[in-house]
Amino acid sequence: AACAPVSAMAFSAKSSLPGARVASAAGASPRAARQRRAVAVCAKKAVKKVQVVLKSEVAQVGRKGDLVTVRRGFCDNYLIPQGLGEVATQQILDGIAQQQKEAEAAQEALRQQALKIASAIGTVSGYVIKKKANEDNVPYDSVTQRDVVEAVHAKLPDLGLNDKIADSDVTVPDISKLGTYSATLRVADDVNAVVDFAVISA
């Protein structure tokens, strides 16, 4: 019956020895410190960057309306105070996604319209460009890009291509004599029409 208290006292005395306290502290403190540092680093990384919608153009960052990722400090200390941007909330991100979807749909609609115009141009025949020529059938004047556009416009006036197509959108081959030729007319960025035309004597 007397042994139990002695063992308890011995254990208490051992655990209260200075050496025991130092060993316990040395074992726990570094681990706890490492854990605290790891948590701090993770938290810092988590807020290091943020998505922002620019309200105005910012040099080397983006244009108005762009969704950009910047450092949190740059956002908090410069963009927001200067009224140049706002943090992209989920509501804003959803709005941007919807705008992009609508823009893509509008772009596709324009492309389909361009394809129809290109098909109409390619279907019609009898495009004619008149030029004065010598007895060897050599035109005195060059056939220009505008000549091709006007020839198409004469056949398809409802398309109004004479106002919509720039000279730079037309590729004309070298024409040294009267005859039949083909030109390429760019209706849209990725839509071209082939124009078969005849250069005849005026």
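Inside the range 179-202, can you point out the residues that are open to solvent by less than 40 Å² (accessible area, probe 1.4 Å) and among the aliphatic types (A, V, I, L, M)?
183, 185, 187, 188, 191, 193, 195, 198, 199 - these are the residues of the range 179-202 that are open to solvent by less than 40 Å² (accessible area, probe 1.4 Å) and among the aliphatic types (A, V, I, L, M).
What are the residue pairs meeting all of these: first residue in the range 151-163, first residue on the phi > 0 side of the Ramachandran plot, second residue of a type outside the set (Phe, Trp, Tyr), Cβ atoms under 9 Å, and 6 or more apart or on different chains?
Matching pairs, first to second residue: 160/153.
Is it the case, given these coordinates, that residue 167 is under 32 Å from the mean Cα position of the chain (by Cα), free of Cβ contacts under 8 Å to residues at least 60 places away in the same chain and open to solvent by 40 Å² or more (accessible area, probe 1.4 Å)? So that I can check it myself, show each step before the final result.
Numbers: under 32 Å from the mean Cα position of the chain (by Cα): yes; free of Cβ contacts under 8 Å to residues at least 60 places away in the same chain: yes; open to solvent by 40 Å² or more (accessible area, probe 1.4 Å): yes.
Yes.
Cβ contacts < 8 Å: first residue surrounded by 10 or more Cβ atoms within 10 Å (Cβ to Cβ) and modelled with pLDDT under 95, restricted to the range 95-109; second residue polar (S, T, N, Q) and not in a helix (DSSP H, G or I), any location; separation 6+ or different chain. Result?
Listed pairs, sorted by first residue: none to list.
Which residue, of 122, 126, is on the phi > 0 side of the Ramachandran plot, surrounded by 10 or more Cβ atoms within 10 Å (Cβ to Cβ) and either of a type outside the set (S, T, N, Q) or touching a helix residue (DSSP H, G or I) at 6+ places or on another chain (Cβ under 8 Å) (or both)?
126
Report, by residue number, each residue of the range 136-154 that is of a type in the set (D, E, K, R) and crowded, with 17+ Cβ neighbours inside 10 Å. Give the derivation first.
Applying the first criterion (of a type in the set (D, E, K, R)) to the range 136-154 yields 136, 141, 146-147, 150.
The one that is of a type in the set (D, E, K, R) and crowded, with 17+ Cβ neighbours inside 10 Å: 147.
Can residue 130 be described as touching a strand residue (DSSP E or B) at 6+ places or on another chain (Cβ under 8 Å) and farther than 13 Å from residue 194 by Cα?
Taking the combined requirement at face value, the residue satisfies it.
The values are calculated or read from the model by the stated rules, or taken from the named source; none is laboratory data. In this text, all values refer to a predicted model and were calculated from it rather than measured experimentally. Reconstructed Cβ throughout: ideal geometry from the backbone, glycine too, with neighbour counts over all protein chains shown. Calculation scope for accessible area: heavy atoms of the full protein, side chains included, ligands and nucleic acids excluded. Shrake-Rupley method; radii C 1.70, N 1.55, O 1.52, S 1.80 Å.
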